[in-house]
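The values are calculated or read from the model by the stated rules, or taken from the named source; none is laboratory data. Model, not experiment: these values are computed from the prediction. Here the Cβ positions follow ideal geometry from the backbone for every residue, glycine too, while neighbour counts run over all protein chains shown.
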């Protein structure tokens, strides 16, 4: 017996062709393997990495023989469960959210249905829909939350920065970005940082302070590097962590004036390299950053690449449940309006996540 449904998916083949919305038939009774589950997607969010991967997907990087589906973030409902999936893990009717990480994959979250093996995707978990409603906001947090959570708690930071001491000071470059908004809430509400300052435009000061930022510095007027140096000199306390969410080189020539000494377990972490990424036409060097910082430095430097794990879903869902995490959403689009969603994404003017509704 068949159970045929229509499945819309936002896909691309290579960067030589425009992304498109395709509709295919999907038999819900035979589309999954014994170890897989099928999730009906309600909301999925675009991230810059989606468009970056599309733009670099030449025919020799990504096979042009099959459609690759966009999307990593999602919230939805389990509609089918393979016979080998433990009953205490997932059941039909469970509400789920998380991060579906893939590289040029045929499956992605920008689709009516997502089929995957839960054992291969650790950053996906069940939610209590009574406490974490199915909404655009709750389908938009996983990647940016996971990135900022790992930036503040993993790699050398995990063993060096003692967050149990509630006196840590953090500076976030790119305070208005989605990762920056996640980071201030993680630092303040989960890790107990004493101070979280940020760099953004003055137009965003009021909004960003609502998320927990203390002092904000305007990068558009004056000399923001000197403003920070003067501020640190006035307070007499340097930062334990500088987290760069957007790509810059403000402090590389004066790091000792704003960041605590290396022997005090300070840390500089970037997710974008040393310059802002042109998301519409990304160049490889702007993505990887300046490698020499890893080897020739007087301070600890790390270029972060998110590694999905169970903590991303567990801590994120916990913070949302406890109302300690608020997720900004700029606009919600229909799948048919995906081109408008991309335009908003690459404009760098979105004040929050760009979400697509498959409800």
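When you check residue 98 against the structure, is it surrounded by fewer than 17 Cβ atoms within 10 Å (Cβ to Cβ) and closer than 24 Å to residue 142 by Cα, yes or no?
It is false that residue 98 is surrounded by fewer than 17 Cβ atoms within 10 Å (Cβ to Cβ) and closer than 24 Å to residue 142 by Cα.
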The range 133-161, subset outside any helix (DSSP H, G or I) and modelled with pLDDT under 90, residue nearest to residue 263 (Cα to Cα): 161
Qualifying positions in the range 310-321 - touching a helix residue (DSSP H, G or I) at 6+ places or on another chain (Cβ under 8 Å) and surrounded by fewer than 19 Cβ atoms within 10 Å (Cβ to Cβ): 311, 315
Enumerated strands (runs of 3 or more DSSP E) restricted to the range 252-359, each holding at least 3 residues that are touching a strand residue (DSSP E or B) at 6+ places or on another chain (Cβ under 7 Å) and either closer than 18 Å to residue 172 by Cβ or modelled with pLDDT under 95 (or both): 267-270, 301-303
From 62, 97, 140, 151, residue being over 30 Å from residue 214 (Cα atoms) and in contact (Cβ under 8 Å) with a residue 60 or more places away in the chain: 97
Residue match in the range 186-209 (condition: buried (at least 24 other Cβ atoms within 10 Å of the Cβ) and part of a helix (DSSP H, G or I)): yes
Residue selected from the range 98-113 under the condition assigned to a strand (DSSP E or B) and under 19 Å from residue 49 (Cα atoms), by the criterion nearest to the chain's Cα centre (by Cα): 99
Any hit, the range 48-56, residues being farther than 22 Å from residue 20 by Cα and in contact with a strand residue (DSSP E or B) (Cβ under 8 Å, 6 or more places away or on another chain): no
Counted residues, the range 48-74 - those being under 18 Å from residue 147 (Cα atoms) and buried (at least 22 other Cβ atoms within 10 Å of the Cβ): 5
